[in-house]
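What follows is one structure encoded as C-alpha cells, with my remarks underneath.
Coordinate-derived values only; no laboratory data. This is a predicted model, so every value here is computed, not measured. As a convention, Cβ positions derive from the backbone with ideal geometry for all residues, glycine included, and neighbour counts pool all protein chains shown.
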Amino acid sequence: MEIYQPHPELHPLIAQRRSSRLMDSQRPIEPWKVQLLLEAARSAPSSNNLQPWRYLIFDERNSEALNKARECLTPGNQKWANRAPLLILAVAEEIRPDGRPNPKAFHDLGMANENLILQAIALGLNIRPMGGFDAEKARSYFNIPRGYTPVVMLAVGYPAEDTDGFPADILEKELSPRLRLPLSSIAFLATWDTPYPASEFTATTHPIPPASPSN
C-alpha cells in the first residue's frame, strides 16, 4: 500500500471522494437530493440492460424503519452510522426474468452504487458504503423476497461541522491517510507478469476530449 495522491488530471469528483464517517445528525437530506441519488444509480449500465439493482430508503419520513435499519448494522458501524440521517440498502436481483441466475448482478449493482456515490459527492454529501450489517435481519425486517440479496448499506449525511461526540477511534480513522495499491499492482500490459507502465502526463500534453453524446 502507498499513501494515495490523486492524479492531477482525475475528475474532481473521483479525486475528492472519500468514505467519511463524519455526518451531521441534525441535518436531514432533502427528498429531492435523495431522488437525484437514485436517478444517478438508475442511469448505470448493466449486462443485457437487466438493471438488477433495488434500493430501500430509510430516513426521517419513517423513523421506525430507519431505526430498524440501524439495528441491522454491526456494533462497529452503529457507533458512527447511527448519526447518519439517511441509510440506503442496496439489493441485487440475482435471478433473471427467465428464471436463470444473473452472474453479473453484483457487478452491475456496484456500478449503480458508484454512480450514486459520485452524485452524493457532487451534492456536497458524505457517503460511506458498509458491508457490516445483518443481511438476513434486513430481509426479515423489510420483506425482501428470495432471489434478491441485500449487499451493502450506504450511510449518507451532510459533513459534520462539529466532531464532538464522535468516538476517538473513529476520529483517528478519519485523520489517517488514504492508502491505495500502486498502479503496478493492479494493472498489467498484455500479460500478468508485465506491470502496466505508468507515466506522467498532463492535460496540456495529452488533452482529454469532451464526452460525446451516446445512449
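Where does the stretch 114-160 land on Rg/Rh, using Cα atoms and the Kirkwood Rh? Don't jump to the answer; show the numbers that get you there.
Values: Rg = 13.1 Å, Rh = 12.1 Å.
The Rg/Rh ratio comes out at 1.08.
Using a 7 Å offset from the Cα along the Cα-to-Cβ direction at both I3 and E60, what is the distance between the two label points in nm, to one decimal?
Going by the 7 Å Cα→Cβ label model, 3.9 nm.
Under 5 Å between amide H atoms, partner at least 5 residues away or on a different chain: which partners does L86 have, H built in plane at 1.01 Å?
HN-HN under 5 Å from L86: V156.
Find out how many positive minus negative residues lie around D59, taking Lys and Arg as positive, Asp and Glu as negative, among other residues whose Cβ is under 11 Å from that of D59. It would help to have the intermediate numbers written out before the result.
Working: positive: K33, R61; negative: E30, E60.
Value of the local net charge: 0.
Within the stretch 115-151, list the trypsin sites (Lys or Arg not before Pro) lying in a DSSP loop whose Cβ has at most 14 other Cβ atoms in a 10 Å radius.
Loop-located and lightly packed - R146.
Quick one: what are the phi-derived ³J(HN,Hα) couplings along the stretch 75-86, Karplus 6.51/-1.76/1.60 with θ = phi - 60°, whole Hz, x for glycine and proline?
x, x, 7, 4, 4, 10, 6, 5, 7, 5, x, 9
What residue among S185, S47, S20 shows peak mean-square fluctuation when the chain is described by a Gaussian network model with Cα springs under 10 Å?
Result: S185 has the largest fluctuation of those listed.
Quick one: which residues, 5 or more positions from W53 or on another chain, have an amide H under 5 Å from its amide H? H modelled 1.01 Å from N in the peptide plane, none for Pro or chain starts.
So W53 has HN proximity to E93.
Can you pull the one-decimal nm distance between simple spin-label points at L175 and D193, each 7 Å off the Cα toward Cβ?
For the pair L175/D193, the computed spacing is 4.6 nm.
Counting only residues 5 or more places away or on other chains, whose amide H sits under 5 Å from the amide H of Y196 once H atoms are built in the peptide plane?
When sequence neighbours closer than 5 places are left aside, the close amide H contacts are A187, F188, L189.
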